[in-house]
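The structure under discussion appears below in the form of structure tokens.
The values are calculated or read from the model by the stated rules, or taken from the named source; none is laboratory data. Treat the numbers as computed from the prediction; the structure is a model and nothing was measured. As a convention, Cβ positions derive from the backbone with ideal geometry for all residues, glycine included, and neighbour counts pool all protein chains shown. SASA here: full protein model, heavy atoms, side chains in, ligands and nucleic acids out. Shrake-Rupley method; radii C 1.70, N 1.55, O 1.52, S 1.80 Å.
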Amino acid sequence: MRLDTVDQEYMYSGHVGCPGCGAAIAMRFFLKAIGKRTIMVIPACCWSVIAGPYPQSTLKIPVLHTAFETGGAVATGVRAALDIKGDSETTVVTWAGDGGTFDIGFQALSGAVERNENFLYVCYDNEAYMNTGVQRSSSTPYGAWTTTTPGQEWKRLRKKNIVEALCAHRIPYAATASIAFPEDLVQKAKKAKAMTGSRFIHIFSSCPTGWRMPSEMSVKIARMAVQTNIFPLYEVEEGLRYTINYTPKGYLVNEYFRLQGRFKHLTEGDLASIQEMVNEDWELLRRKAGEYSS
Amino acid sequence: MTLRQTAVNCPPLIIPCSRFTTESNKTGSWRFLRPRYENKTAPCSSACPAGEDIPRIEMLVAQGLFKEAWETVLMENPFPGVCGRVCYHPCEQVCNRREFDEPVAIRTVERFLADTATRNGLQPDIKRLNAKQQKIAIVGSGPSGLALAYFLARLGYESEIFEAMPEPGGVLRWGLPTYRLPVAILKADIARILELGVHIHCNKTITPRFLDEVTGHYDAVFLGCGHSHSLPLKIPGEDLDGVEDGLRFLQKLRQGKEVVLNGTAAVIGGGNTAIDVARSAARLGAKPLVIYRRRQQDMPAFDDEVTMALEEGAEIWELRTPVKIAAVEKDYVLTLQQMEVIGEDARGRARIRVQLNKTEEISVQHLFVAIGASSAEQWYKPPPKKSSTMRLSNCSILPRSQGPTVVFGGDLVADIKSVVHAIASGKQAAMALDNLFQNGFDAIRAGIEPNLVGDGPSLSMENYLGWPRTQSSRSVVHHEDLNTDYFRFAPRIIQPRLLREERLRSFAEIDLKIGTILGIREAERCFNCGICNQCDNCRLFCPEIAVVRDDTTQNRRINYDYCKGCGLCVVECPRSAMTLEEECLCNRY
């Protein structure tokens, strides 16, 4: 695997992410694609910590650390200020976790994209509030253990489909990406950068700490999420035109769940019903992309 | 803690950028597991009796570096042209790709390299050690003797070969039909060995007195005179005029004698010689009939050869053994005893016994016997096990109080009699003699052992010379050690061959050449098990940006100041060229 941008680094070593952090990998790939002329808005999330305490920064681009619920609003303001200065080259990016996107930051995000603000919103999704101690979010998948869904009280609600919610706003571009598919991620980030209006990228970023799995499995598990259809790779233009970017090999979900401690309580029956949900979502997505099954 | 101030080159922006990096945080102190680059041994290399560095050869071919790939073959095997055609390729049986789709056609790629080198007139850069004073006499110029001469020359020793026949090559020259091995290919491989300064005396038959005659002239004598004496059937009628010995028949053909056959040609035996005779007979106009006492699947002949013999019209009568031969007019009447299977031995071969009162008679026009061979002279045989003989996997060494040390090699000592085992024998003998001369008889085993490839018994000359392959670990990469997510299904090359009709018209080589694109494509299928091919995954996925480029052999190294030991690089390495091990805490500060 080779990326033509691979030699450009916009991150320094010495950040304080956990070993095997998927969010750090996501940032690294994303910045390779997006380049130096970027201002990044980071609402409260793991990356607020990873980027380092003032005056240190692990990123080579300017960063605004902002309040949890303000990702969309602050980016709107930064964009407006740049526009007043006549700077149309700098890209404004909001880099938020799933809590700051699916839950707490949702109204600011929804407001900003409804106005079709000219910015790029990236949600790196590790499926819970990992930074504060693994509390469930509306991104936590069905079946997962978190500290707020402990023991037999595991989460019995489905993960919110955030891309669909964004598509409902008919934004120019919404896409999913994974740290295990760097070419796809970089290509989507470049494509989004070249567009104007509100753009949204949902990056699946595994979390060895919160998912209770060995750190070396981080990328492997992210890859399996795609291979099993749990996290399909696709993009949507104007909220309508769907393209599926990866046709999975049809792996069963079991192995993905078996490798993670957060799912260890699930029975064969639970896994069978999860497989049904995954199949159903996949069929729905294929229909939207115009791939009807016979 | 000192914060290194780094000037960050920012565009003029409204929002200022932090001027301190996080590089002052030496996150390497978090690490309790340590990844490192470690080349390992591929199963194919370990299974190759010549110990060729196959994953590296395939990698170099895939990169278009044909000369380097060819030289990598020559490092361990002086016969790429021969082995690329007639080797029974045990490497392909254990190829990790077998569990993924189909094994890599390793032999085809080796032949491609040999053909490419010949076509372009490449001259290999063969490094040689300083000249030594000892001199070795080699009896027989078959693959083991020639391989020994080649490896000895590279180690700096002078050797002379004594060959009874008018041309060198042994069984390769006289025992293999040209449709398997054209003579020009053999001559090219031999010429390269002789260019190293090896002297060869043809038409020189040696006698038992040879060992005494050469005392003082040579420090060691290698007996690699092979099995040229066919075993007898020991049945009545065997001595009838016209009942031919298979090996002699093949030799006659290789000497260029004109032979025309007609009717049915019966061949007794199930080894490669029997199949070679049957297929040659088919080309000369007869209908071959192979008679074997066990089942077809038990035949020692290589499966490919048997399949092609059947394609060419040979018939196989299994579970029959001849008990009498009689001449009736110009034909032979063969009485065959039927056998029955009563079980299997440890190797899965049928155990058989005579089926009483079940015999049949068949009338044939030609009869060949090819049930195996042994050494032509009793004194060629290695002495029975006794304390003074050192028995290694592919050769036996007999030290003598007077006169030169005697080494028995090639088919004389081999369990599996194949070309590549003969090469292995020559290589092992070369290492053994070098140790004998430099460090004494007792140092031989210890001197050879570190050069085993993987689980052994194959040996690496590159290791012996202390060249880069020494740094590879001997642990063998298994399929479960690979990250196959990075590999795509790709069909194995289909070896282009002459049509059946074309084959039967002449003794022309059956397997055709493959072009550069096909050769590269096949080499690209190789997983390169255990060796770094610079895929860059380790650097790409490192969350700590702790894999950095440099000018070491991997072209990259791990910056342990920042590596947190997550182990991602080791799992994402598709080919198990990295190892994760426990951090030694004493290393840290």
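Restricting region B:565-589 to residues that are among the charged types (D, E, K, R) and surrounded by fewer than 24 Cβ atoms within 10 Å (Cβ to Cβ), the residue that is nearest to residue B:43 (Cα to Cα) is B:581. Scanning region A:246-289 for residues being among the small types (Gly, Ala, Ser), part of a loop (DSSP other than H, G, I, E, B) and open to solvent by 50 Å² or more (accessible area, probe 1.4 Å) gives a total of 1. Would you say residue A:95 is outside any helix (DSSP H, G or I), within 19 Å of the chain's Cα centre (by Cα), more than 8 Å from chain B (Cβ to nearest Cβ) and within 26 Å of residue A:181 (Cβ to Cβ)? Against the criterion (outside any helix (DSSP H, G or I), within 19 Å of the chain's Cα centre (by Cα), more than 8 Å from chain B (Cβ to nearest Cβ) and within 26 Å of residue A:181 (Cβ to Cβ)), residue A:95 qualifies.
Of the listed requirements (1) open to solvent by less than 20 Å² (accessible area, probe 1.4 Å); (2) out of contact with any Lys or Arg (no Cβ under 8 Å at 6 or more places or on another chain), residue B:175 misses just one: (2).
Yes/no per residue for (1) assigned to a strand (DSSP E or B); (2) touching a helix residue (DSSP H, G or I) at 6+ places or on another chain (Cβ under 6 Å); (3) under 26 Å from residue B:171 (Cα atoms):
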residue	(1), (2), (3)
B:363	yes, no, no
B:414	no, yes, yes
B:422	no, yes, yes
B:437	no, no, no
B:444	no, yes, no
B:447	no, yes, no
B:454	no, yes, no
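Of the residues making up region B:278-302, those that are touching a strand residue (DSSP E or B) at 6+ places or on another chain (Cβ under 6 Å) and among the basic types (Lys, Arg) are B:287, B:293, B:294, B:295.
If you go through region A:72-87 one residue at a time, do you hit one that is in contact with a helix residue (DSSP H, G or I) (Cβ under 7 Å, 6 or more places away or on another chain), in a strand (DSSP E or B) and closer than 20 Å to residue A:201 by Cβ? No: zero hits.
For region A:149-201, filtered to residues that are open to solvent by 30 Å² or more (accessible area, probe 1.4 Å) and of a type in the set (S, T, N, Q), the residue that is nearest to residue A:231 (Cα to Cα) is A:161.
Quick check: anything in region B:227-241 touching a residue at least 40 places away in the same chain (Cβ under 8 Å), in contact with a His (Cβ under 6 Å, 6 or more places away or on another chain) and either assigned by TED's automatic domain parsing to the domain that holds residue B:108 or not hydroxyl-bearing (Ser, Thr, Tyr) (or both)? No, there is no match, as no residue in region B:227-241 is touching a residue at least 40 places away in the same chain (Cβ under 8 Å), in contact with a His (Cβ under 6 Å, 6 or more places away or on another chain) and either assigned by TED's automatic domain parsing to the domain that holds residue B:108 or not hydroxyl-bearing (Ser, Thr, Tyr) (or both). For region B:276-325, the set of residues classified as assigned to a helix (DSSP H, G or I), more than 21 Å from residue B:340 (Cβ to Cβ) and either open to solvent by less than 50 Å² (accessible area, probe 1.4 Å) or outside the structural domain of residue B:249 (by TED's automatic domain parsing) (or both) consists of B:276, B:277, B:278, B:279, B:280, B:281, B:282, B:283, B:305, B:306, B:308, B:309, listed by residue number. The condition of being more than 14 Å from chain A (Cβ to nearest Cβ), open to solvent by 10 Å² or more (accessible area, probe 1.4 Å) and touching a strand residue (DSSP E or B) at 6+ places or on another chain (Cβ under 9 Å) holds for residue B:495. Across region A:11-26, which residue is most open to solvent (accessible area, probe 1.4 Å) among those that are within 7 Å of chain B (Cβ to nearest Cβ), more than 16 Å from the chain's Cα centre (by Cα) and closer than 15 Å to residue A:211 by Cβ? Checked region A:11-26; the qualifying residue most open to solvent (accessible area, probe 1.4 Å) is A:19. Residues of region A:130-141 that are crowded, with 17+ Cβ neighbours inside 10 Å and of a type outside the set (S, T, N, Q): A:130, A:134, A:136, A:141. Counting only strands (runs of 3 or more DSSP E) that sit completely within region B:543-589, those holding 1 or more residues that are facing chain A (nearest Cβ under 8 Å) and closer than 22 Å to residue B:473 by Cα correspond to B:578-582. Summed over region B:539-553, the residues that are under 14 Å from residue B:36 (Cβ atoms) and surrounded by 21 or more Cβ atoms within 10 Å (Cβ to Cβ) give a count of 3. Can you confirm whether region B:135-147 contains a residue that is open to solvent by 10 Å² or more (accessible area, probe 1.4 Å), over 25 Å from residue B:176 (Cβ atoms) and in contact with a strand residue (DSSP E or B) (Cβ under 8 Å, 6 or more places away or on another chain)? Looking through region B:135-147, at least one residue is open to solvent by 10 Å² or more (accessible area, probe 1.4 Å), over 25 Å from residue B:176 (Cβ atoms) and in contact with a strand residue (DSSP E or B) (Cβ under 8 Å, 6 or more places away or on another chain). The single condition from (1) more than 30 Å from residue B:441 (Cβ to Cβ); (2) open to solvent by less than 20 Å² (accessible area, probe 1.4 Å); (3) not acidic (Asp, Glu) that residue B:214 fails is (1).
Looking only at region B:43-96, residues that are closer than 23 Å to residue B:512 by Cα, of a type in the set (Lys, Arg) and out of contact with any strand residue (DSSP E or B) (no Cβ under 9 Å at 6 or more places or on another chain) come to 1 in all.
When region A:43-57 is filtered for residues that are open to solvent by less than 20 Å² (accessible area, probe 1.4 Å), in a loop (DSSP other than H, G, I, E, B) and either more than 11 Å from chain B (Cβ to nearest Cβ) or modelled with pLDDT of 95 or more (or both), only A:45 remains. Taking the stated definitions as given, is residue B:273 closer than 27 Å to residue B:415 by Cβ, open to solvent by 30 Å² or more (accessible area, probe 1.4 Å) and of a type in the set (Val, Ile, Thr)? Yes: the conditions hold for residue B:273. Among residues that are within 26 Å of residue A:133 (Cα to Cα) and either touching a strand residue (DSSP E or B) at 6+ places or on another chain (Cβ under 9 Å) or within 14 Å of chain B (Cβ to nearest Cβ) (or both), residue A:216 is included. If the condition is being open to solvent by 50 Å² or more (accessible area, probe 1.4 Å) and under 22 Å from residue B:577 (Cα atoms), then region B:439-463 contributes B:450, B:455. Scanning region B:519-538 for residues that are in a helix (DSSP H, G or I) and surrounded by fewer than 20 Cβ atoms within 10 Å (Cβ to Cβ), we see that the one that is nearest to the other protein chains (Cβ to nearest Cβ) is B:524.
Of the residues making up region B:334-365, those that are touching a residue at least 60 places away in the same chain (Cβ under 8 Å) and open to solvent by less than 40 Å² (accessible area, probe 1.4 Å) are B:334, B:362, B:364. Quick check, is residue A:69 open to solvent by 60 Å² or more (accessible area, probe 1.4 Å) and under 18 Å from residue A:47 (Cα atoms)? Criteria met by residue A:69. For region B:33-45, filtering for residues that are crowded, with 24+ Cβ neighbours inside 10 Å and of a type in the set (Ser, Thr, Tyr) leaves 2.
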